[in-house]
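Following: one structure in structure tokens, then a few remarks.
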Amino acid sequence: MTEEHETRRIRIVLTEDDAPVRERLAQIIRGWPMAELVRACATLAETCAVIEAEAINLLITDLKLPDGNGIEAIRLLSRQQRDAQAMVISALADETTVLAAIEAGATGYLLKDMESHDLCEAVLDVMLGRSPISSSIARVLVRRLSDTARPGAQEAAAVPAPTLTPREMDILWGIAKGFTYAELAERLGISHQTVPVHVRNIYRKLQASNRSEAVYEATRLGLIRL
């Protein structure tokens, strides 16, 4: 029975260059009885080596890696293991990057700040032939397409970017990396109560209503580059 159960576990390769985020996601996978973490990788080269050496069911990857783009790993997986699936976990990317990942073979796209049950449900959805995508990403993409089609969009894009304080920029980068408020407080040496205050100010300045919209707007306005 044990051996039969093991053969049914979803064999997953995880790729994320940020160590705390990688460990958080790895712990979710390790603690899930239905999955087996084959490897937690930090680079594109390491990921490609695992894909070429191990039979897997699913690749979960970030896109911006120290030595390349996770899309390359998705393409390799599509060539090497046609029955395997790929899912992106990112802070947020513009619609061009999202579409490029999907065209390469990704069948899901999630934000890094998802809860553990969201990740597990998304993995099951992918393995059942569905395509999970974070609702925040879907809303941003729809809004972006609407803005592009609306008359006067080019003039609106020329509006100067808002000014964020150095601390707000630190918080913004942390949000883009998918850190929780507690992790941001610890990393920046500030109180847990201070982080939400900065986040609200960031949302107000960027005219965003949630984390993903804030990162998207900051990227679009050139405040950060993912």
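Beta bridges per DSSP, both residues in region 17-111: antiparallel share near 20 percent. For the peptides 200-207, 62-69, the ranking by packing is 62-69, 200-207, with the highest mean count of neighbouring Cβ atoms within 10 Å listed first.
A viscosity of 0.890 mPa s and a temperature of 25 °C, combined with the Kirkwood radius over Cα pairs in Stokes-Einstein, give a translational diffusion coefficient for region 1-116 of 173 µm²/s.
Overall, the accessible surface of region 1-87 at a probe of 1.4 angstrom is composed of carbon and sulfur to the extent of 47 percent. Once the Cα-Cα distance is subtracted from the 0.36 nm per residue extended length, the Glu103 to Asp83 segment shows a gain of 5.6 nm. Counting only residues at least eight positions apart within a chain, or on another chain, the lysines with an alpha carbon under 20 Å from that of Lys205 are Lys177.
Think of a 1.4 Å ball rolled over the protein heavy atoms: region 175-226 then has 51 Å² of accessible area per residue. Taken along the Cα-to-beta-carbon direction at a fixed 7 Å, the label points for Ser131 and Gln27 span 3.3 nm. From the alpha carbon centroid of region 17-44 to that of region 56-133 is 14 Å.
The values are calculated or read from the model by the stated rules, or taken from the named source; none is laboratory data. As the structure is a prediction and not an experimental result, all values here were calculated from the model. As a convention, Cβ positions derive from the backbone with ideal geometry for all residues, glycine included, and neighbour counts pool all protein chains shown. Just so you know, the surface numbers come from the protein's heavy atoms only, side chains and all, with ligands and any DNA or RNA stripped out. Shrake-Rupley method; radii C 1.70, N 1.55, O 1.52, S 1.80 Å.
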